[in-house]
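Data block below; observations after.
Read-outs: derived from the displayed coordinates by stated rules, not from any lab. This one's a predicted model, so the numbers in the text were calculated from it and none came from an experiment. Every residue, glycine among them, receives a Cβ derived from its backbone with ideal geometry; neighbour counts consider all protein chains shown.
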Amino acid sequence: MFFFRKKKDEEKYPFEIARVSLPEGTSYLGKNLDIVGTVSGDGSIVIMGSVNGIFDMTGELNVGGTAKISGELRSDTISVNGFIEGTLIASRKIYLNATANIKGIIVTPMLSLIEGALFDGEVRMSNGSETGIEFTDDWKNEKAGLIKTKRFLEEAGAAYLLSKSASLISRDSRIEGDITGKESIIIEGSVKGSIKIDGSIFVGASGIIEADVEADNISVQGNITGNVAARGQLDIQPSGRISGDISARSIDIKEGASFEGRSRMINYVSEAD
């Protein structure tokens, strides 16, 4: 184990990531992010991108209008504005909003459909305190999932979320699989698999990554087990730990940071074929 020591500076990140203003415990997967694998955890998730795999959550799952999902979704509550092909299982309620397009199977004790929603498949009503199907074209109905999602996006700033922000994997969320895309990511939870993006990555103090990581710029406050390649700058903060080989155009290791492996300075990182 090698510890790098240098004059302690005020922590400054080598790149800017716009931190998304979200409720505590909420993850945000942006529209330019692609995930193949399993997403699990507690709390809430807003999905705007593409996912092929399984969601196994407790809490609220909000599928945005730009989302395309293939697989199985399990959560307490599921609100859909985008496209899903697969199975939706909710222990409390599923909301199909006006722009929802579902192909597959729905299992829930309570289903709410707003006029305009498209559904091609099978509905299975499970046991719950409330059981049934409600149809509504009242967009101001407080029971409609669209209103909750709309307010959430308005509070966070919908345009900001869609165009300027990074994706956020909260500390209560776990991803096992491959993450790709053209999107910066803030990781405060755990990722096991691989990450390769055109964007920057900030690993928060609670972030735990077991994966090879490749991005434009990478700043680490948490733990990474795997090889790390930055096309620009790699910044390891005092609480950061990396076990694996690192390569970057420039490397800045703060006092107290931990690194075990080989390092290599490069002009660029070529794509592995």
*Provide the gained length on full extension for the span Ser243 to Val36, in nm with one decimal, where the gain is 0.36 nm per separating residue minus the Cα-Cα distance.*
72.1 nm
_Whole-Å semi-axes of region 28-67's equivalent ellipsoid (Cα gyration tensor)_ = 16, 12, 7
*For region 43-120, what class follows from the C-alpha gyration tensor (a ≥ b ≥ c being the square roots of its eigenvalues): rounded when a/c is under 1.5, otherwise prolate if a/b is larger than b/c, else oblate?*
rounded
*Take each of the peptides 108-117, 182-191, average the number of other beta-carbon atoms within 10 Å over its residues, and list them starting from the highest.*
182-191, 108-117
*Using a simple charge model, +1 on the beta-carbon of Lys and Arg, -1 on the beta-carbon of Asp and Glu, nothing else, what dipole does region 23-136 show about its Cα centre, in debye to the nearest 20?*
140
_Rounded, prolate or oblate (a/c below 1.5 giving rounded, otherwise prolate when a/b exceeds b/c) for region 189-240 by Cα gyration tensor_ = oblate
_Here is the link list: Lys68/Lys192; Lys31/Lys182; Lys31/Lys103; Lys31/Lys192; Lys31/Lys196. Which ones come out longer than 19 Å on Cα distance?_
Lys68/Lys192; Lys31/Lys103; Lys31/Lys192
